[in-house]
Amino acid sequence: MVDELGSRFAAAGHEIALVGGPVRDILLGRGSKDLDFASSARPDAVERLLAGWADHVWDIGKAFGTIGCRKGDWILEITTYRSESYDPTSRKPEVAYGDNLQGDLARRDFAMNAMAVLLPSHEFVDPYGGIEDVANKVIRTPGSPEDSFSDDPLRMMRAARFAAQLGFTPDPGVVAAMTAMAERITIVSAERVRDELIKLVCAPYPRIGLDLLVSTGLADHVLPELPALRLELDEHHRHKDVYEHSLIVLEQAIDLESRIGAEEPDFVLRFAALIHDIGKPKTRRFEGAGKVTFHHHDVVGAKLAKKRMKALRFSNEQIDQVGKLVELHLRFHGYGTGEWTDSAVRRYVRDAGDLLSRLHVLTRADCTTRNRRKAEALRSAYDDLEKRIEQLQEQEELDSLRPDLDGNQIMELLAIGPGRDVGEAYKFLMELRMDEGPLGEDAAKEKLLAWWSSRP
Ligand code: ATP
Ligand code: MG
């Protein structure tokens, strides 16, 4: 398929090469259906050459020189050679077309991403020793890391992201530049930072990337609540800090991720696991006798989580979801060995809503005690809760929890028209439903009338 494409471009007098991620991934033995190409042809010419060959062609960003197409199962992106120059004071790269592959590779972020295979000749082009880097599992910039990160500070985030995705180690010079230049990340748009953070958190080894963000100081700018977790739990420095706990909870959540039934890594679950305790630094109190408390760190944490995610331009849905999980992560404590009433179980289900399966995983993951007996007791208590939820759900179809009477029935019974009273009556019936389960129409009417006549 790629040779066909190469011949088509060559026949029209253009150069085209497979570049970047796919070349790196092939060397790593990882295939992908997404292929990136660079070409001497300008976007209009690329569009013409693809028409009649690809199954479908679209414009990804003609202004940036990228045309996309589908050929069978393959998704191709073809970008005209660039020799990008960045204005260090601006957030947006300036695009200038280049006329050769070498120049195009020179502007790329890392040596491992600056390899190409010319088509259809299969000539391997690797000006910066990317193949050695892949073999040695290291992340290096083509030129000096300082120049590279000056051109585009986002590359510092990308170094951490690739470390998390590939398990590679950034070269000491790269780490030094990240540390010295961390503050420069603040000129990059929140959206670009967010997208790299999502990829990092959804990678196979997020701990590696997160540790890099924290140790270089990048996290102080993009997610300051994370390094703030490195606090002592007691005045005697005996316990591990909350930061390490959070990383373990994240890893345990990843181990349990298949339980939520998603095929892909779940950002909301992972991010909630990482930051579920971000309310702790603000709420820590030493109570004397070596005792430390974090009252309401769930509520405070949910607020902080939402604020940070808003600043990072996450979608409202993601903000609400993570906020809710953080807020609910402690609720299960108090379940003990099954002390909750049915009503408390119903409220748990209602409050979690469609986040219930994620909350199950988060709560189970949030147990990092080394005390085997304690861990086992928590696990079996949670098994018990899940079983009770299942039983209640079967009985009552909790998913569509509604009062026993609807608005029309309420108005008819009380002989009132639409208005505040109907809403209050509905709320009363909903509370009743929550406390006592389904009552049936007659009993509900009786209770509603009693409530109505007891009102002033
Ligand atoms: P993946 O698609 O799996 O996330 P990738 O290596 O393809 O990994 P992309 O973000 O898709 O990464 O970028 C494609 C290629 O473009 C990279 O391999 C790299 O060569 C180049 N690139 C992307 N972003 C930058 C950047 N900020 N600075 C320099 N080069 C970049
Ligand atoms: Mg890519």
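Selection of the range 132-142 for residues being in contact with a Phe, Trp or Tyr (Cβ under 8 Å, 6 or more places away or on another chain) and farther than 20 Å from residue 103 by Cβ yields 133, 137, 138, 139.
For the range 96-115, a residue qualifies if it is crowded, with 16+ Cβ neighbours inside 10 Å, in contact (Cβ under 8 Å) with a residue 60 or more places away in the chain and more than 16 Å from ligand 2 (Cβ to nearest atom), and exactly one does: 101. Might you let me know whether the range 213-221 holds any residue that is at pLDDT 95 or above, within 13 Å of ligand 1 (Cβ to nearest atom) and not in a helix (DSSP H, G or I)? No: the range 213-221 contains no residue that is at pLDDT 95 or above, within 13 Å of ligand 1 (Cβ to nearest atom) and not in a helix (DSSP H, G or I). The set of residues in the range 326-362 that are part of a loop (DSSP other than H, G, I, E, B) and surrounded by 15 or more Cβ atoms within 10 Å (Cβ to Cβ) comprises 329, 330, 331, 332, 335, 340.
Within this structure, residue 207 fails the test of being outside the structural domain of residue 128 (by TED's automatic domain parsing), farther than 24 Å from residue 146 by Cβ, within 16 Å of ligand 1 (Cβ to nearest atom) and in a helix (DSSP H, G or I).
So that you can scan it fast, the table gives a plain yes or no per residue for (1) touching a helix residue (DSSP H, G or I) at 6+ places or on another chain (Cβ under 9 Å); (2) modelled with pLDDT of 95 or more; (3) at positive phi; (4) of a type in the set (Gly, Ala, Ser):
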site	(1), (2), (3), (4)
270	yes, yes, no, no
273	yes, yes, no, yes
281	yes, no, no, no
288	no, no, yes, yes
293	yes, no, no, no
300	yes, no, no, no
306	yes, yes, no, no
326	yes, yes, no, no
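If you go through the range 308-347, how many residues are within 21 Å of residue 223 (Cβ to Cβ) and of a type in the set (Val, Ile, Thr)? So the count comes out to 3.
Residue under question is residue 171, and the condition is that it be on the phi < 0 side of the Ramachandran plot, without any contact (Cβ under 8 Å) to a residue 24 or more places away in the chain and among the acidic types (Asp, Glu); does it hold? No.
Restricting the first member to the range 243-261 and to residues that are touching a residue at least 12 places away in the same chain (Cβ under 8 Å), and the second to residues that are polar (S, T, N, Q) and surrounded by fewer than 18 Cβ atoms within 10 Å (Cβ to Cβ), the beta-carbon pairs closer than 8 Å and six or more apart or on different chains are 245/368; 248/368; 249/368; 252/368; 259/357; 260/357; 261/357.
The values are calculated or read from the model by the stated rules, or taken from the named source; none is laboratory data. What you see is a predicted model, and the numbers here were worked out from it, not measured in a lab. For neighbour counting, all protein chains shown are included, and Cβ atoms are generated from backbone atoms with ideal geometry for every residue, glycine included.
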